[in-house]
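Here is the structure we will look at, set down as structure tokens.
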Amino acid sequence: MQNLSRVSVFELTGLNFTSEYKYFLFSLTLLCYPFILMVNITVIYVIVINKHLYEPMYIFLCNLCMNALYGTLGFYPKFLYDLLSDHHVISYLGCLVQVFVIYSSTLCEFSTLTVMAVDRYLAICRPLEYHRIMTNNMVIMCIVFSWLSPFMCMLVLVLLSSSLTLCGSYIDKLYCENWSIVKLSCYSTMLNNVVGYIIIVVYLIHSLFIMCSYIKLIDTSIRSKEERSKFMQTCLPHLLSLLNVTVALLFDVMFTRYGTTRNFSQDLRNFLAIEFLVIPPILNPLIYGLKLKKIRNQLMRFYHRNIIRDIGDMPRPM
């Protein structure tokens, strides 16, 4: 294999579409990305301007929406540009930055869902101790944890990948992915592999912790009608978010490491590779915004007030 240790650009080979299909995807993405921005910014704005929503559950939801804006920024602008370009390349540094942004955002979602599970466990299973434990300082520590741990994990992975001597420059995906870079190495990647597995196990433990907390939550919730209602309103959306991002990310990681192109078509692989960049940023604000009564009421008031204002600003007939 030709030694390309001084790789300056990577070529993204997962974008080999026909021109008609590219234009269709561009149009679809051009609708999807602004919608993601709109729904997430709306939920953030509603929570920020309403002080009676300054509760841990809504603050964590706000954090989830902010993370969606951060993560999608690492994918959609470059993807839209590539759909209109004949040369699907990304610089070496740009590739490492994209890896860091996309996957730190995904890990941040796991961390945020974990602290949300802790919050719901305390609220439903230990309500008398909730306010004593979930103080403002604890909320701040949870938010710092949800961002700092993914950043540190991805920083280690990206630094390890950047130290590799590469013997190729082709990445068979729509975007840069860490293991796709590691596979281009000319030499042993044992350290990268071990660190990668450690991080996978750590975040699988996050998921198992959330599932265990839900077993306890379900056991507590079935005892009374009020607790069942609280579970359905606040916990069911959280569980749907967790299942979606876990299944999508596990497929992405396992296929990148062990899959072959003979098992799945290119279109299916592309969809599953970006599923966690499309569905959660849309699903989270929608299901929380529709399911949580306080958020839903504030959204209705927000849009009702703007509609009334716009009607009032319309010129009246003479």
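The values are calculated or read from the model by the stated rules, or taken from the named source; none is laboratory data. Keep in mind it's a predicted model, so treat the numbers as computed, not measured. Positions of Cβ are generated from backbone atoms using ideal geometry, with glycine treated the same way; all protein chains shown enter the neighbour counts. Just so you know, the surface numbers come from the protein's heavy atoms only, side chains and all, with ligands and any DNA or RNA stripped out. Shrake-Rupley method; radii C 1.70, N 1.55, O 1.52, S 1.80 Å.
Miscellaneous remarks
- The stretch 123-146 residues that are in contact (Cβ under 8 Å) with a residue 24 or more places away in the chain and under 19 Å from Leu217 (Cβ atoms), paired with ones that are of a type in the set (Ser, Thr, Tyr) and in a helix (DSSP H, G or I) (beta carbon under 8 Å, 6 or more apart): Ala123/Tyr130; Ala123/Thr234; Ile124/Thr220; Ile124/Ser221; Cys125/Thr220
- Scanning the stretch 61-92 for residues that are over 14 Å from the mean Cα position of the chain (by Cα) and closer than 21 Å to Thr106 by Cβ yields Pro77, Lys78, Phe79, Leu80, Asp82, Ile90.
- Residue identified as outside any helix (DSSP H, G or I), at pLDDT below 65 and either aromatic (Phe, Trp, Tyr) or surrounded by 10 or more Cβ atoms within 10 Å (Cβ to Cβ) (or both) among Asn306, Asn263: Asn263
- Residue within the stretch 90-113 that is among the acidic types (Asp, Glu), crowded, with 16+ Cβ neighbours inside 10 Å and closer than 22 Å to Gly14 by Cβ present: no
- Residues within the stretch 124-164 that are exposed (fewer than 13 other Cβ atoms within 10 Å of the Cβ) and in contact with a strand residue (DSSP E or B) (Cβ under 8 Å, 6 or more places away or on another chain), tallied: 0
- Leu53 being surrounded by 15 or more Cβ atoms within 10 Å (Cβ to Cβ) and at pLDDT below 90: yes
- Among the residues of the stretch 161-184, those identified as touching a Gly at 6+ places or on another chain (Cβ under 9 Å) and not basic (Lys, Arg) are Ile171, Asp172, Leu174, Tyr175, Cys176, Asn178, Trp179, Val182, Leu184.
- Test for Ile210: is it modelled with pLDDT of 75 or more and more than 16 Å from the chain's Cα centre (by Cα): yes
- Hits in the stretch 165-181 (condition: surrounded by 17 or more Cβ atoms within 10 Å (Cβ to Cβ) and in contact with a helix residue (DSSP H, G or I) (Cβ under 7 Å, 6 or more places away or on another chain)): Ile171, Asp172, Lys173, Leu174, Tyr175, Cys176, Glu177, Asn178, Trp179, Ser180, Ile181
- Scanning the stretch 64-78 for residues that are open to solvent by 10 Å² or more (accessible area, probe 1.4 Å) and in a helix (DSSP H, G or I), we see that the one that is farthest from Gly14 (Cα to Cα) is Met66.
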